[in-house]
Every structure is written in C-alpha cells, then in structure tokens.
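Presented below is the structure to which this report refers.
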Amino acid sequence: MDEVKFAPDLVRALLRDQHPDLADLDLRDVDGGWDNQMWRLGEELAVRLPRTERAPALLRTEQTWLPMLAERLPLPTPAPVRVGEPSSLFEHTWTVARWVEGEPADRARITCFDAAEVLAGFLSALHHLAPAEATASPSRGIPLAGLQGVDGWFEVMADDADADAARGVWEEALAAPAWQGAPLWLHGDLHPANVVVRDGMLAGVIDFGELCAGDPATDLSAAWILLPAGAATRFFDAYEQADEATITRARGWAVLRALNLIAIGQNGRLGLPGGKPTWEPAGYATLERVLAAS
C-alpha cells in the first residue's frame with residue numbers, strides 16, 4: 001500500500017466546492033486507516049478520502065448499500081450522509097459519514113463478556129438475504145476451497161509452535177460442508193481495527209467497504225477475532241443460526257484472518273510500508289482463542 005497523505009487544505013477545498021454548509025466545521029486528522037485517510041468533521045461527522053487503487057470502489061459500495069442497511073443495525077455505523085463526486089480538485093469519489101465514537105479494538109481491547117450478545121445481535125440483524133445485485137467478493141463469503149495461495153499464508157508462522165495446530169483447524173474447516181443457503185449480507189472485514197470500543201464494550205462497527213453477500217462463516221470468525229477468550233460459545237448461543245459446519249468454517253476463517261493480521265503487524269514492527277504494528281498481537285490473540293476452542 002502506498003502511504004499517500006492528503007493535506008487538510010484539500011478536504012476544506014472539497015467541502016467548499018461540493019458541500020459548503022459543512023466547510024467551516026472543525027477538521028481534525030484521525031490516525032489509522034488503510035484504504036482511506038480520515039478526518040473528524042465537527043462532532044458528528046467524518047470525511048474519508050480514498051488513497052489506494054481499490055479504495056474508490058470500496059467507498060462506492062458503502063455509499064450504495066450502507067445507508068439502507070444501517071437503519072436496521074443495532075450498533076452505530078459510519079453511514080454516508082454526503083457523497084463527494086470526482087472533480088478537478090480530486091479525481092475520485094469521497095464520503096462524508098457519521099462519526100462513530102470509540103477507540104479501535106486493536107488499541108483498546110474488548111474485555112466485557114456481554115459483548116458476545118452485542119456482536120451476535122449485530123450480525124443477526126445484518127445477516128439477511130442479500131439481493132441479486134449485492135456486491136460479490138472474490139475473497140470473502142466464498143467457499144474456502146476457492147481461496148487462492150492459502151499455503152503461503154502459513155509461512156508467517158512457519159517456526160511457531162502452534163503452526164501445526166493452526167493448519168489442523170484450517171484443514172477441518174476446508175473439509176466441512178460448504179454453505180448451502182442463499183447469500184446473506186456480510187460485513188466482510190470484521191477485525192479489531194474495524195470495530196470501536198468504549199469501556200471494554202463493543203460500541204460500533206466501521207469500514208463497510210468489503211460489504212458483500214455470501215457464507216456468514218466469514219463474519220462469524222469475529223467470535224474469536226474480537227471477543228475475549230472463552231466468549232465464543234456464548235456468542236453462538238446468542239446468534240442461534242449457525243450449525244456445526246458453519247462454526248467449523250468460521251474457525252478456519254479466523255485462522256486465516258489471524259495470519260493476515262500477524263503478517264501486516266510484522267510489517268509494521270519492521271517499519272515496512274502498509275504495516276500496522278498493533279495488528280500482530282491481535283493476530284496472535286486470535287490464534288490463541290481459536291486453538292483453545294478446538
């Protein structure tokens with residue numbers, strides 16, 4: 001990922017050009033972000049500008065679908081309230097969205113066990129039948145056998161004592177019956193940097209750019225990625241809709257997401273572009289929780 005940094009003056013200019021009623025609100029840079037750079041705008045809004053090649057398409061997905069879905073979701077989300085169109089000032093779409101108060105979970109862990117029911121309620125509300133025109137993803141919500149290059153993902157923990165156990169969880173998931181239901185709406189990217197926490201409790205879900213339709217096991221991996229150790233059973237009891245095959249696939253997804261978190265975290269620890277040092281411990285914590293439940 002290129003470390004593109006836009007100046008606040010550009011944001012001001014874009015607002016004055018397309019949304020002048022918002023242009024004089026207080027503007028503060030927000031640390032973090034992957035595909036988009038973000039600023040807080042006033043007390044209730046945020047501005048997001050795409051900075052990677054794929055980011056404009058992800059923003060368009062949010063702009064198209066999240067306002068409708070947000071109405072039924074029981075947690076705060078960054079629903080777009082204004083859309084910025086490509087112009088001579090900036091060649092891509094951009095978004096003014098609702099600000100979601102809290103700290104990202106890669107910096108402030110979820111410690112409250114009641115978050116199991118909160119997360120289950122959120123996903124139960126989201127996981128409804130998706131329309132035929134819903135976004136399809138090549139890497140989320142699909143049969144596990146369709147994922148490419150998985151063997152290479154395990155290289156990140158080649159010397160780890162838990163490598164064989166992690167691969168065993170993945171192989172069990174790969175062998176589990178595939179999802180036979182209709183495609184459901186998925187967040188698609190539930191990891192610690194994409195949820196926010198207040199006082200140890202899950203307080204909001206952000207970054208819906210990977211919103212897509214498919215197998216809910218992708219999202220259900222969050223039971224081990226986000227929640228405290230030992231809370232997964234409580235989560236699935238509250239969610240109620242996952243059979244044993246779906247839970248097995250969700251554990252496999254959790255292993256893969258953990259490997260991704262570790263790899264990006266290691267890059268951050270080494271000072272490499274696109275790295276996020278807070279993601280490495282989040283990845284290892286995910287693996288620990290998954291293996292303890294297997």
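Against the condition of a type outside the set (Gly, Ala, Ser) and either within 24 Å of residue 58 (Cβ to Cβ) or touching a Phe, Trp or Tyr at 6+ places or on another chain (Cβ under 9 Å) (or both), how does residue 119 come out, does it pass? Outline the logic, then answer.
Numbers: of a type outside the set (Gly, Ala, Ser): yes; either within 24 Å of residue 58 (Cβ to Cβ) or touching a Phe, Trp or Tyr at 6+ places or on another chain (Cβ under 9 Å) (or both): yes.
So residue 119 fits the description; yes.
Can you tell me which residue within region 77-87, out of those that are in contact with a helix residue (DSSP H, G or I) (Cβ under 8 Å, 6 or more places away or on another chain) and not in a strand (DSSP E or B), is surrounded by the fewest Cβ atoms within 10 Å (Cβ to Cβ)?
Within region 77-87, the match that is surrounded by the fewest Cβ atoms within 10 Å (Cβ to Cβ) is 85.
Search region 34-51 for residues being assigned to a loop (DSSP other than H, G, I, E, B) and surrounded by 17 or more Cβ atoms within 10 Å (Cβ to Cβ), and hand back the single one that is farthest from the chain's Cα centre (by Cα). Reasoning before the result, please.
First pass over region 34-51, keeping only residues assigned to a loop (DSSP other than H, G, I, E, B): 34-35, 42-44, 51.
From what is left, the residues that are surrounded by 17 or more Cβ atoms within 10 Å (Cβ to Cβ) are 34-35, 51.
Details: 34: 11, 35: 12, 51: 17 Å.
So the residue we want is 51.
I need the full set of residues from region 158-192 which are among the acidic types (Asp, Glu) and either under 21 Å from the mean Cα position of the chain (by Cα) or open to solvent by 70 Å² or more (accessible area, probe 1.4 Å) (or both), in order please.
If we filter region 158-192 for residues that are among the acidic types (Asp, Glu), which is where we start, we get 159-160, 162, 164, 171-172, 189.
Across region 158-192, the qualifying residues are 159, 162, 164, 171, 172, 189.
I'd like to verify a number: residues in region 1-25 that are under 27 Å from the mean Cα position of the chain (by Cα) and acidic (Asp, Glu), how many?
Within region 1-25, residues that are under 27 Å from the mean Cα position of the chain (by Cα) and acidic (Asp, Glu) number 2.
So which pairs qualify, if the first residue must be in region 4-30 and touching a residue at least 24 places away in the same chain (Cβ under 8 Å), the second must be open to solvent by 40 Å² or more (accessible area, probe 1.4 Å) and acidic (Asp, Glu), the Cβ gap must be under 9 Å, and the two must be at least 6 apart or on different chains?
Hits for this filter: 8/29; 15/21; 15/24; 18/85.
Can you tell me which residues in region 9-33 are farther than 17 Å from residue 193 by Cα, in a loop (DSSP other than H, G, I, E, B) and open to solvent by 80 Å² or more (accessible area, probe 1.4 Å)?
Selection gives 24, 26.
Just the residues that are small (Gly, Ala, Ser), within 22 Å of residue 108 (Cα to Cα) and either open to solvent by 10 Å² or more (accessible area, probe 1.4 Å) or modelled with pLDDT under 95 (or both), please, taken from region 223-255. Walk me through it before giving the result.
Our first condition is that a residue be small (Gly, Ala, Ser); within region 223-255, this holds for 223, 229-232, 238, 242, 245, 250, 252, 254.
Checking the rest, the ones that are also within 22 Å of residue 108 (Cα to Cα) come to 223, 229-232, 254.
Those that are small (Gly, Ala, Ser), within 22 Å of residue 108 (Cα to Cα) and either open to solvent by 10 Å² or more (accessible area, probe 1.4 Å) or modelled with pLDDT under 95 (or both): 229, 230, 232.
Look at residue 6 and say whether it is farther than 30 Å from residue 284 by Cβ, part of a loop (DSSP other than H, G, I, E, B) and open to solvent by 20 Å² or more (accessible area, probe 1.4 Å). If you could, list the steps in order and put the result at the bottom.
On the way: farther than 30 Å from residue 284 by Cβ: yes; part of a loop (DSSP other than H, G, I, E, B): yes; open to solvent by 20 Å² or more (accessible area, probe 1.4 Å): yes.
Taking the combined requirement at face value, the residue satisfies it.
Enumerate the pairs (first residue in region 260-278 and in contact (Cβ under 8 Å) with a residue 12 or more places away in the chain and farther than 19 Å from residue 226 by Cβ; second residue anywhere and open to solvent by less than 60 Å² (accessible area, probe 1.4 Å) and in a loop (DSSP other than H, G, I, E, B)) with beta-carbon separation below 8 Å, excluding pairs fewer than 6 apart on the same chain, so at least 6 apart or on different chains.
266/275; 268/275; 268/276; 268/278
Out of the residues in region 88-129 meeting the condition of being without any contact (Cβ under 8 Å) to a residue 60 or more places away in the chain and either among the charged types (D, E, K, R) or touching a Gly at 6+ places or on another chain (Cβ under 7 Å) (or both), tell me which one is most open to solvent (accessible area, probe 1.4 Å). Spell out the reasoning first.
Taking region 88-129 and keeping what is without any contact (Cβ under 8 Å) to a residue 60 or more places away in the chain, we get 88, 91-93, 95, 97-99, 125, 128-129.
Those left that are additionally either among the charged types (D, E, K, R) or touching a Gly at 6+ places or on another chain (Cβ under 7 Å) (or both): 91, 93, 95, 98.
Working: 91: 138, 93: 5, 95: 1, 98: 111 Å².
The residue in question is 91.
Would you mind listing the helices (runs of 4 or more DSSP H) fully within region 215-275 where at least 1 residues are farther than 24 Å from residue 143 by Cα? Before you say what the answer is, go through the steps one by one.
Details: elements: 217-220, 222-225, 232-239, 244-269.
In region 215-275, 232-239, 244-269 are the helices (runs of 4 or more DSSP H) which contain 1 or more residues that are farther than 24 Å from residue 143 by Cα.
Is it the case that region 257-269 has a residue that's at pLDDT 95 or above, under 19 Å from the mean Cα position of the chain (by Cα), on the phi > 0 side of the Ramachandran plot and not basic (Lys, Arg)?
Among the residues of region 257-269, not one is at pLDDT 95 or above, under 19 Å from the mean Cα position of the chain (by Cα), on the phi > 0 side of the Ramachandran plot and not basic (Lys, Arg), which makes the answer no.
The values are calculated or read from the model by the stated rules, or taken from the named source; none is laboratory data. Fair warning: this is a prediction, and the values are worked out from it, not measured in the lab. Quick reminder, even Gly has a Cβ in these numbers, built from the backbone with ideal geometry, and neighbours come from all protein chains shown. Areas reflect the complete protein model, heavy atoms only, side chains present, ligands, DNA and RNA absent. Shrake-Rupley method; radii C 1.70, N 1.55, O 1.52, S 1.80 Å.
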